[in-house]
Each structure stands twice: as C-alpha cells, then as structure tokens.
Amino acid sequence: MARYGSEHKEATRRRIVETAGRRLKRDGIDGSGIATLMADAGLTNGAFYAHFESKDDLVATVVGDQLGRQASEFSELPGGRAGLEILVGEYLSPAHRDHPDVGCPSAALLDEVGRCTEATKKAYTAGTKAILDEICTRLAPEDPESARGAALALFTMLVGSMQLARAVSDKELSDAVLEEGIRSAEALIRARTKQK
C-alpha cells in the first residue's frame, strides 16, 4: 500500500476543512454528519480519523479557519471609514443573506457555537477578537483599543441583522432588515469616526 507524503495529507486536510466550512454554514453543525462532510470532500468516512479525532475536533478547526479567513479578508479592506463602509455594504447584502455557505460563520453558526465544546468556543473567541481588532483599527487607527466598544456594537449589529434577515420568510421584510442595518451601522461609524 502506497503511503502519501505530508504535503498530500495537508492538502487533504485543507480540502476537508474548506468543504466542511461551506456545509456547516449551510446546514448547521448538528445538520452535518461526518459521512456528508467527507462525501463533500470526495473522501470516505474511514479517511476522517486520519485527520481529526472527532467531529468536535473538525468543528473547532473549521470555526477557527473560517473566522481567520474572515479577519484576513477584512485586513485587506482600505483603512479607516472607507473600509468599514465596504464591510457593512458587503456584509448586509442580499448576496450574503442568500448564500450562507460562503458567508460569515458568525451569522450562520453563532447559535450552535454557544452549545459546542470548549475548544470550539476558544477558536470562535480567538477569531472574533481578530475581527474586532480589524474593526478597531479602522475606527480609531491612532488608538484602536479606544474603539473596542464601538467595534463590538458594530459587529453585533452586523451579525444580528444578518441572522434576522435570514430568519424571516417575508422577502420585503428581510430586505428592510438589511437596509436598516446598513443605515444604523453607517450612523455608528460616522459617529465614532467623528470623535477622533
């Protein structure tokens, strides 16, 4: 039996994490079994345990990976208010609402993360702090920590608005949630960036 090198193993693990990220955000943590997650990656169930100790281990890895990617994407936005306005517009868009599998893990998984293992909560906490740091840097570049409260309020507003927009069955109401979320987020940004 041929053995694969470490590069192949890492590429396979990366594929599992990426495909699981999309599936978990689409169907939820509880709605995604190992068989489905592995089938998405084009692998058998038996291959799972060569990469992860348990589904909980995979979930913690996926949550950390997803939030890390999100923080990295945010870091590429322009500095200051301009970057935050882009973030708000993209986050509270119909496209993000309609495609949770490629969107924010917080908006898709937050209710389940609260019931997950400590490892998943730690991964979520670290990722959230990285995202908040990116927001703080744009709200107050000269003293990012001074903007921590406003960053928390903004991120909470974005996540909550997206969750509500996805939860209602009335498209007109859903669109209104997104539009009001944008107005409220932009008002918070304007108020905070004027304080400089």
Pick from segment 111-137, criterion within 11 Å of F155 (Cβ to Cβ) and hydrophobic (A, V, I, L, M, F, W, C), ranking: surrounded by the most Cβ atoms within 10 Å (Cβ to Cβ): I135
Let me spell it out: the conditions are (1) on the phi > 0 side of the Ramachandran plot; (2) open to solvent by less than 50 Å² (accessible area, probe 1.4 Å); (3) over 22 Å from the mean Cα position of the chain (by Cα); (4) not basic (K, R), and G42 meets all of them except one. Which number is the exception? (2)
State whether the residues of segment 66-73 include one that is in contact with a Cys (Cβ under 8 Å, 6 or more places away or on another chain), more than 16 Å from R26 (Cα to Cα) and open to solvent by 20 Å² or more (accessible area, probe 1.4 Å). no
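Table: residues versus (1) farther than 20 Å from G89 by Cβ; (2) of a type in the set (D, E, K, R).
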{"position": "A126", "(1), (2)": "yes, no"}
{"position": "K129", "(1), (2)": "yes, yes"}
{"position": "V159", "(1), (2)": "no, no"}
{"position": "S169", "(1), (2)": "yes, no"}
Could you pull out the residue among K171, K122 that is touching a residue at least 24 places away in the same chain (Cβ under 8 Å) and of a type in the set (K, R)? K122
Please verify whether segment 26-44 includes one or more residues that are closer than 30 Å to G83 by Cβ, part of a helix (DSSP H, G or I) and of a type outside the set (A, V, I, L, M, F, W, C). yes
Could you tell me whether A60 is aliphatic (A, V, I, L, M) and free of Cβ contacts under 8 Å to residues at least 24 places away in the same chain? no
Would you pick out the residues in segment 81-110 that are open to solvent by less than 20 Å² (accessible area, probe 1.4 Å) and either modelled with pLDDT under 95 or not in a helix (DSSP H, G or I) (or both)? L92, G103, C104
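The values are calculated or read from the model by the stated rules, or taken from the named source; none is laboratory data. Not measured: the values here are computed from a predicted model. Note that we place each Cβ from the backbone using ideal geometry, even for glycine, and neighbour counts take in every protein chain shown. Surface areas here come from the heavy atoms of the whole protein model, side chains and all, with no ligands, DNA or RNA. Shrake-Rupley method; radii C 1.70, N 1.55, O 1.52, S 1.80 Å.
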